[in-house]
Amino acid sequence: MYDLAIIGLGYVGLPLGLQFAQNGCKVAGLDVDAAKVQSIMAGKSYIHHIESSRIAEEVQAGRLTASTDFSEIKKSSAVVICVPTPLGKNREPDISYIIKTGEMIAKHLQRGTLVVLESTTYPGTTDEDLAGILEAGSGLKAGTDFHLAFSPEREDPGNPDSKVARIPKVVGGLTPACLKRATELYSRAIERIVPVSSCRAAEATKLLENIFRSVNIALVNELKVVYEAMGIDVWEIIEAAKTKPFGYMPFYPGPGLGGHCIPIDPFYLTWKAREYGQSTRFIELAGEINTSMPRHVIHKLAAALNEDGKPLKASRILLVGLAYKSNVDDDRESPGYVLLDMMKAAGAEVAYFDPYVPVIRPSREHSHWAGIKSVSWDQKTVSSFDAALICTAHANVNHQQLLDWSRLVIDSRNATNGLSGNARIVKA
Ligand SMILES: NC(=O)c1ccc[n+]([C@@H]2O[C@H](COP(=O)([O-])OP(=O)(O)OC[C@H]3O[C@@H](n4cnc5c(N)ncnc54)[C@H](O)[C@@H]3O)[C@@H](O)[C@H]2O)c1
């Protein structure tokens, strides 16, 4: 018997499973990706910030197993779903992974099991969509025969102080009994549980958190462009503003949004709001500003090359940092790909350097770059480019060397702040 099964062993599911296992729970990890399952059973990590030794220890102790066999659900008193929730081609929510997973669970669902959805999604997914699928496939009734809840994941990838156990967990249940069951489950691994009135309230909480980030990032992105026109450096202004001990929280501009959450989740609400005749103007405007940022950066690059008497066409450009965020190996939705696409479309010769992304893996969004490898980090290679474009500033990249070895550096992250070298620096 397992205390819980976790479905989807990615950036969310694997650390969560490890946390439960470390707290003495018996965890069955389930995934459709056989390579991930094999890797876990071999005690090997496939996520940079998770050490293999943590996985090996839990597998050897018999607290964590991984499988592609969904009938393991029959042996689990709880099932936690951590599958992807991307956007479709027309930026509409794609909850097909949740639906498929729900259908798989329903086949094996036992009376009295607790099912919790963790994937970020619009309010109503758990009590409308998932409940219906589980009921239809199992013949059981949600809230009566089995318990159902929603609890959003809160991850801060790349932050070494962010520990699953210490991040408060919001939980909403279909019924008070569902909430009680879910609270009991999470209390076994997480220090503080924050109960809310319903699954919808928990779903809406997650969206508020991510929309808040998207809107505030858009605000500083807009101010970056406005202040730049006035000859003011927005990064200096943010450093000064953040000394205010109340009523201000720093957000930083960049070359565009990235990752699996901030560029995507707000549009789950936009889509659902239409059903209620509501518009989401803040979300749309923030999306518009954030998606215009790569264009701004490319414009600055082209203008800087022009000053050197070079067109972007046929220039050799090195993109530095391809992961969407500093110090992580996650390149999903990275603005780096938009920048590479735009430079290539303009006829530039492009390459990238990222110690966290040695080779570009195949993916739905940027399969045309799959197989391309990071260039090596040495003076001969780096100095062979007409310009370097800093897209993501990893702590283990030597930006001083970049300035020493390059002619022109376009810095969209303020990574060269306080440094100087041979290169002309253009903030973007
Ligand atoms: N990554 C983050 O920082 C983060 C933070 C908060 C919330 N979330 C949300 O959590 C959810 C999962 O995100 P993630 O980053 O872990 O994604 P991920 O792509 O890293 O992992 C998802 C896993 O689910 C597996 N999977 C897909 N379909 C499946 C199926 N039918 N059955 C079983 N497994 C299946 C995939 O193989 C993969 O291993 C998303 O809704 C995301 O928005 C992510």
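The values are calculated or read from the model by the stated rules, or taken from the named source; none is laboratory data. Predicted, not measured: the structure shown is a model, and the values here were computed from it. Here the Cβ positions follow ideal geometry from the backbone for every residue, glycine too, while neighbour counts run over all protein chains shown. The protein model used for the area step is the full one, side chains on, heavy atoms only, and it has no ligands, DNA or RNA in it. Shrake-Rupley method; radii C 1.70, N 1.55, O 1.52, S 1.80 Å.
In table form, for the structure just shown:
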read-out	value
Sparse-neighbour loop sites [GluC sites (Glu not before Pro); the stretch 41-76; at most 15 other C-beta within 10 Å; DSSP]	51
Folded to 0 to 90 degrees: helix 265-275 orientation relative to the chain principal axis, Cα	60
Cut-off under 5 Å, modelled amide H: who pairs with residue 424 long-range	408, 409
Helix 176-187 axis, angle to the chain major axis (alpha carbon atoms, nearest 10°)	60
Cα-based shape type of the stretch 1-123, given that a ≥ b ≥ c are square roots of the gyration tensor eigenvalues and the cut on a/c is 1.5	oblate
Heavy-atom accessible surface of the stretch 115-222: percent carbon and sulfur, 1.4 Å	56
Spin-label pair residue 42/residue 314, simplified geometry with 7 Å Cα→Cβ offset, distance in nm	4.7
Mean ellipticity per residue at 222 nm, deg cm²/dmol - from DSSP H runs of n ≥ 4 across the chain, formula -39500 (n - 2.57)	-11500 deg cm²/dmol
Solvent exposure ordering (accessible area, 1.4 Å, most first) of 405, 369	405, 369
Residue 147 long-range amide H proximity, modeled H, under 5 Å	112, 113, 114, 115
Segment residue 35-residue 128, extension gain: residue separation times 0.36 nm, minus the distance between their alpha carbons	30.2 nm
Computed over the chain: relative contact order in percent, which uses C-alpha pairs under 8 Å that are six or more apart	10
Residue 389 long-range amide H proximity, modeled H, under 5 Å	318, 319, 320, 410
Angle between the chain longest axis and helix 13-22 axis [Cα atoms, degrees, rounded to 10]	60
Hz values of 3J(HN,Hα) by residue in the stretch 197-207 - Karplus curve (6.51, -1.76, 1.60), Gly and Pro given as x	6, 7, 4, 4, 5, 5, 5, 5, 5, 4, 5
Euclidean distance between Cα centres, the stretch 215-292 to the stretch 307-345, Å	21
Rounded to whole Hz, the Karplus (6.51, -1.76, 1.60) HN-Hα couplings of the stretch 146-159, x for glycine and proline	9, 9, 9, 8, 10, 9, x, 7, 10, 10, 10, x, x, 9
Whether the stretch 198-249 is rounded, prolate or oblate, judged on the alpha carbon gyration tensor where a/c under 1.5 counts as rounded	oblate
Compactness of the chain, expressed as Rg and Dmax over alpha-carbon positions, Å	23.2, 73
Counting DSSP beta bridges with both ends in the chain, the antiparallel % (nearest 5)	10
Residues of the chain: accessible area per residue with a 1.4 Å probe, Å²	44
Estimated inter-spin distance, residue 194 and residue 177, nm [label 7 Å along Cα→Cβ]	2.8
Residue 229 paired with residue 136, simple spin-label distance in nm, labels 7 Å along Cα-to-beta-carbon	5.2
